[in-house]
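Just so you know, all these numbers are worked out from the coordinates, no wet-lab data involved. Worth saying up front: this structure is predicted, and the values here are computed from it rather than measured. Quick reminder, even Gly has a Cβ in these numbers, built from the backbone with ideal geometry, and neighbours come from all protein chains shown.
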Amino acid sequence: MISTAIRVARVGSRAELAAAVLMLLGYPGLTVAALIPSVGGFAAAGAVTYLADRYLHHRGSYLINRLGKVRAGLSIRFLVRELLLILLLARMDLSTQPVFYAAIACFLVFFGFQAPHSVLTTLIKLRRRLPVVTRNVDLSKVSIPDAPPRRLTHRAAEKMLHLDLAAVAGLLVAARADAPVAGFAGIAVTLVLGLGYLVALVPYVRGRRIPSGADVVLDKVDDWLRSYRPETVLYFSGSKDSAYQVNMWLETLEQLDTRPLVILRERVILKKLARTGVPVICVPGGVHLMNMDLSSVRVALYAANVGKNIHLLRVPTMKHVFIGHGDSDKLASVNPFSKVYDEVWTAGRAGRDRYALADVGVRDEDIVEVGRPQLAPIQHYAGAPEGRIPTVLYAPTWEGWDDDPGNTSLLLAGENIVRSLLAADPAVRVLYKPHPFTGTRSKAAKAAHDRIVALVEKAAAQRAADPRWTADEAAQGAARADLVRIEAELSRLAGGGDDERDEAEASRDGIADPEREARAKRLRDEWNAAYWRSFPTWEHRVITGAEPRLYDCFNVSEGMVSDISSVVSDFIASGKPYAVTDSAGLGAEEFKRQNTAVRAAVILSNAAVELPELLAAVRSADADPLAEARIELKEYLLGPDEPTSMERFNAAVRDLKARAEARNEGQGALAAELETIPVPRAERSAGAAPTGAAPAGSEAPIA
């Protein structure tokens, strides 16, 4: 019942649900206390509303957003509480006392402060917003002063409104103890603090406290581009949940032989971008991007097919390549839009054949097989584990943009898969790592995800309470301490985190330091190792968020269950057994015919009754009839092991760069040749009609 209430209220936990209920009940409580009247009751109900409201804001509760939509936002809630306090004073026969009128005047003036406060905080934010946001780009020639202290700008509206606490407390004391002085003192404190807050903000909206103008910033970025002369650009646009699509390419970009640059189009993506030493420029404005000096760029790489790609695709001096964000049998892997690029790069032969079968206009000669450089961290299969139970990863994809039952196993098979894995005998450990988009479009998918999370967490709790399962508490405690230490050091390396700096300061201070980046990479590897040591090797686990990464989950697993997605193709690099769910009910043979990546998989029905085949292969190589088929399929999907994928990717970039330069030289030679062609006398004569044009005053002939 409580879990149902949590889902309906769209809150994240029982504590959040309790806070929401207390806050919503607190206002009727304030009303009753004001009418009785009861100073003690009003103080208690008021404290509940203050604390619950603060907690929900701190948690970023969805309920707070909904209250704002129905005109019960933060300012209204504070105003209602203050009006009810005025009612309480009136009911206590204080309406003829000076403190009563002082209270009314105080709240009127205090709310009068809200408008200039909002204007000032908005102006500060707007005047510090740069036309571009950067990382690892030298903006030392741009005047970017320090931002206002975080205590002034972070959650500014909440802080301003909470200054009424002094007046509220003072008036309650005045009403209870018949001490008007306390009321006047509280009123004075509130008004002085409110006015002081306004005065403290004023200097940051003028003069040297604001960054250089947009034109200056853009000019200096162009100067930097002309100095750095980027040759290869990774271009990306997408929603806040799609940052993983660009993050997966950052390490590959760092290993390129040519000078790389990342161009992003949304500020929210920059906030979610993984650490990298590659220069990054976020350009939200299309006009700014199209006027940017990218004349040195020869190769542009695109990780997603989106409308904003046109702003760079229009540049003819560079070659444009679709690299995607995964290689799978989904329809997205053969999007007809892909024919706008000069080349399409696939992992292996399977990608080439996929386009040929789809016949969407992508020519075979425009396809280049480069492998998947990102798969280098995936460890190869070394057989069943010794000294611990096997781990099976369930990594379903998301529900997609339509309601095709074949999109994801979550809806029809997810719970059956997880129940079967949790009940396996001999036992296995279950890791559940859903796609980042899961539940973003379909409420049914979100509900299925929540039920699976509940199943895994319940099974984990039961196993932890079972005395047959023992844990090395000392080792796990040490690992958890290591996690805290490593996270603190990573935070220090990040300068406290970009979330504590505004975008102007982050751009100014975000200069690449190779030594720092190398240290951060080592720390991330240490964090990953400590994470897996921080809990028993038999503990079921739900894993969401960016860390640990999907490939880290591959490495600690002996088998996987998934859907038709790039996750399957990537997992094949490990050589480990896997199963794929035929959620649409096509039947095993037809499912294999339509989807290359499942030809070496155990095919699951929605009832998941075939899971014992996968579990047998996970436990023993002798019970794994598909091992040879996986080796063959791996080369077909991902290409050969030698030369390495990174070597092939680099070679493809170099080749395309050379072709772009040859094209540009040819265009330059052609332009020079055209300039030497004499212009006909008739065209040079003033007033003469161009060749083929109709004489003035006559109608042009119709062809």
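In this simple spin-label model, placing a label point 7 Å from the Cα along the Cα-to-Cβ direction at both residue 54 and residue 178 gives a separation of 3.3 nm. The value of relative contact order for the stretch 376-464, using C-alpha pairs under 8 Å at least six residues apart, is 32 percent.
When the stretch 47-117 is described by a simple charge dipole with +1 on each Lys and Arg Cβ and -1 on each Asp and Glu Cβ, the residue from 115, 62, 52 located farthest towards its positive end is 62.
Normalised radius of gyration (Cα atoms, divided by 2.2 N^0.38 Å) for the stretch 97-210: 1.42.
In this structure, the amide hydrogen of residue 367, modeled 1.01 Å from its nitrogen in the peptide plane, lies closer than 5 angstrom to those of 344, counting only residues at least 5 positions away or on a different chain.
The modelled label-to-label distance for the pair residue 216/residue 257, using points 7 Å beyond Cα in the direction of Cβ, is 4.2 nm. The packing ranking of peptides 576-589, 224-237, highest mean first, is 576-589, 224-237, where packing means the average number of other beta carbon atoms within 10 angstrom of each residue. Taking a straight Cα-Cα cut-off under 22 Å and skipping sequence neighbours fewer than 8 places away in the same chain, the lysines within cross-link reach of residue 141 are 125, 220. Annotation: amide H of residue 604 within the under-5 Å range of 580, 581, 582, sequence separation 5 or more or interchain, hydrogens built in the peptide plane. Measuring from a point 7 Å past the Cα of residue 593 along Cα-to-C-beta, which residues in the stretch 333-377 have an amide N at less than 14 Å? Nothing falls inside the zone, counting backbone N under 14 Å. Annotation: aspartates and glutamates with alpha-carbon distance below 15 angstrom to residue 308 (same-chain offsets under eight excluded): 266. Shown in residue order for the stretch 469-483 are the 3J(HN,Hα) couplings computed by the Karplus curve 6.51 cos²θ - 1.76 cosθ + 1.60 at θ = phi - 60°: 9, 9, 9, 8, 4, 5, 5, 5, x, 5, 5, 5, 5, 4, 4 Hz (x for Gly and Pro). Relative to the Cα centre, the charge distribution of the chain, modelled as +1 at Lys and Arg Cβ and -1 at Asp and Glu Cβ, gives a dipole magnitude of about 2660 debye. Here's the picture: charge each Lys and Arg Cβ at +1 and each Asp and Glu Cβ at -1 in the chain, and of 86, 344, 321 the one pushed furthest to the positive end of that dipole is 86. Across the stretch 152-160, computed HN-Hα scalar couplings (Karplus, 6.51 cos²θ - 1.76 cosθ + 1.60, θ = phi - 60°) run 8, 10, 6, 6, 4, 4, 4, 5, 4 Hz from first to last residue, x flagging Gly and Pro.
Charges only on Cβ, +1 for Lys and Arg, -1 for Asp and Glu: so what's the dipole of the stretch 160-293 about the Cα centre, in debye to the nearest 20? Walk me through the intermediate numbers first.
Details: 14 positive and 13 negative charges, 54 e Å.
Computed charge dipole of the stretch 160-293: roughly 260 debye.
Given the rule -39500 (n - 2.57) for each run of at least 4 DSSP H residues, summed and divided by the residues of the chain, what is its mean residue ellipticity at 222 nm, to the nearest 500 deg cm²/dmol? Write down the numbers at each step before the final one.
Numbers: 29 runs with 357 residues, N = 703.
Taken over the chain, the calculation gives -16000 deg cm²/dmol.
When all alpha carbon pairs of the stretch 479-530 are counted in 10 Å bins from zero, the resulting P(r) reads 24, 48, 24, 4 %. Over the chain, Cα pairs under 8 Å with separation of 6+ residues give a relative contact order of 13 percent. Taking a point 7 Å from the Cα of residue 125 along the Cα-to-Cβ direction, the residues of the stretch 183-220 with backbone N closer than 19 Å to it are 197-206, 210-211.
Centre-to-centre separation between the Cα atoms of the stretch 531-560 and those of the stretch 269-297: 33 Å. Per the Debye calculation on the stretch 229-374 with a single equal scatterer at every Cα and no solvent contribution, log₁₀ I(q)/I(0) for q = 0.10, 0.17 Å⁻¹ amounts to -0.32, -0.96.
Based on a Kirkwood Rh over C-alpha pairs, give the Stokes-Einstein translational diffusion coefficient of the stretch 443-588 at 20 °C and viscosity 1.002 mPa s in µm²/s.
Working: Rh = 18.8 Å.
Rounded, D is 114 µm²/s.
Think of the stretch 229-374 as a dipole: +1 on every Lys or Arg Cβ, -1 on every Asp or Glu Cβ, centred on the Cα centre; then among 295, 358, 368, 295 lies furthest on the positive end. With N denoting the number of residues in the stretch 311-462, provide Rg(C-alpha) divided by 2.2 N^0.38 Å, to two decimal places. The value comes to 1.34. Every Cα-Cα pair in the stretch 23-111 was counted, and those over 23 Å apart are 27% of them. Applying the criteria of a DSSP loop state and at most 15 other Cβ atoms within 10 Å to the trypsin sites (Lys or Arg not before Pro) of the stretch 349-421 yields 363, 388.
Taking 19 Å as the cut-off, the amide N atoms of the stretch 607-629 that come nearer than this to a point 7 Å along the Cα-to-beta-carbon line of residue 382 belong to 618-622. Its residues counted as N, the chain yields a C-alpha radius of gyration over 2.2 N^0.38 Å of 1.20. The stretch 38-59 and the stretch 645-659 have Cα centres spaced 62 Å apart.
Of 69/446; 433/521; 443/634; 319/339; 433/576; 272/319, which ones are farther than 25 Å apart at the Cα?
Working: 69/446 23 Å; 433/521 23 Å; 443/634 36 Å; 319/339 13 Å; 433/576 17 Å; 272/319 28 Å.
Violating the 25 Å Cα-Cα cut-off are 443/634; 272/319.
Around the amide H of residue 129, modelled in the peptide plane, lies no amide H under 5 Å away from a residue 5 or more places distant or on another chain. For the stretch 325-424, which GluC sites (Glu not before Pro) pass both filters: DSSP loop (anything but H, G, I, E, B) and at most 13 other C-beta atoms within 10 Å? Those that pass, being in a loop and sparsely packed, are 386.
Under the criterion of Cα pairs below 8 Å and six or more residues apart, the relative contact order for the stretch 229-374 equals 22 percent.
Where the only charges are on Cβ atoms (+1 Lys, Arg; -1 Asp, Glu), what is the dipole of the stretch 409-531 about its Cα centre, to the nearest 20 debye? Show your work: numbers first, answer last.
Details: 20 positive and 22 negative charges, 152 e Å.
With Lys and Arg at +1 and Asp and Glu at -1, about 740 debye.
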